[in-house]
Amino acid sequence: MAARRGRIGWAMFLFFLVMPVIEVIVIIMVGRRIGAWQTLGLLVLWSVVGAWLVKRQWRTAWRGLRTALQTGKMPARELTDAALVLMGGALLFLPGFVTDVLGLLLVLPFTRPLARPLLQAAVARRVLAGSGFAMQATETTYGSRPPHQQQDGRAPSGNAAGEEIIEGEIVDD
């Protein structure tokens, strides 16, 4: 788990180190091709269009999330779409053409399904890795018995903070 965090940390470090360099190179190349003022105008235009698109797609994603929650449906797809719109919006607000293209791919409704399985798989890996880590720590710390059970199988008289636990039932009227 620590090795994976280290790899992710290095990947993020490299991304934030390399991406600005790539953006500057691309902006200079575009500027040489179409001119400095046109390049600046194009960057501003992308920002305005991106902000409008993110606002529109965020409303759609939020509406879908609310509908799923109101109908009792598990909102996995809606949460994923909202997260992708949020990430795409962040990329669109960064100055540069490369991040704008990546942001558009995450925000546009017809390209978002391409990124959805990647995000869902990444989240699933993190959740499974987290639960495996928690199970391993529990077994290491407490042996084979659950942490809420004493050696003789009875529940403890207090929790970690030393407070007394009172057993009871909840009755709905």
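The values are calculated or read from the model by the stated rules, or taken from the named source; none is laboratory data. Predicted model, so just to flag it, every value in this text is computed and none were measured. All Cβ positions, even for glycine, are placed from backbone atoms using ideal geometry, and neighbour counts span all protein chains on display. Quick note on the areas: whole protein, heavy atoms, side chains included, nothing else; ligands and nucleic acids left out. Shrake-Rupley method; radii C 1.70, N 1.55, O 1.52, S 1.80 Å.
Details
- Criterion applied to 94, 102, 119 was being touching a helix residue (DSSP H, G or I) at 6+ places or on another chain (Cβ under 7 Å), under 24 Å from residue 59 (Cβ atoms), of a type in the set (A, V, I, L, M) and modelled with pLDDT under 90, and the one residue passing it is 119.
- Selected residue (criterion: surrounded by the most Cβ atoms within 10 Å (Cβ to Cβ)) from residues of region 107-123 that are outside any helix (DSSP H, G or I) and hydrophobic (A, V, I, L, M, F, W, C): 108
- Residue 73 meets all of the listed conditions (1) farther than 30 Å from residue 25 by Cβ; (2) in a helix (DSSP H, G or I); (3) open to solvent by 80 Å² or more (accessible area, probe 1.4 Å) but one, namely (2).
- For region 46-70, filtering for residues that are modelled with pLDDT under 90 and either touching a Cys at 6+ places or on another chain (Cβ under 6 Å) or among the hydroxyl-bearing types (Ser, Thr, Tyr) (or both) leaves 1.
- Considering 61, 11, the condition of being hydrophobic (A, V, I, L, M, F, W, C), touching a residue at least 24 places away in the same chain (Cβ under 8 Å), part of a helix (DSSP H, G or I) and out of contact with any Pro (no Cβ under 8 Å at 6 or more places or on another chain) is satisfied by 61 alone.
- Scanning region 41-70 for residues that are surrounded by fewer than 16 Cβ atoms within 10 Å (Cβ to Cβ) and small (Gly, Ala, Ser) yields a count of 3.
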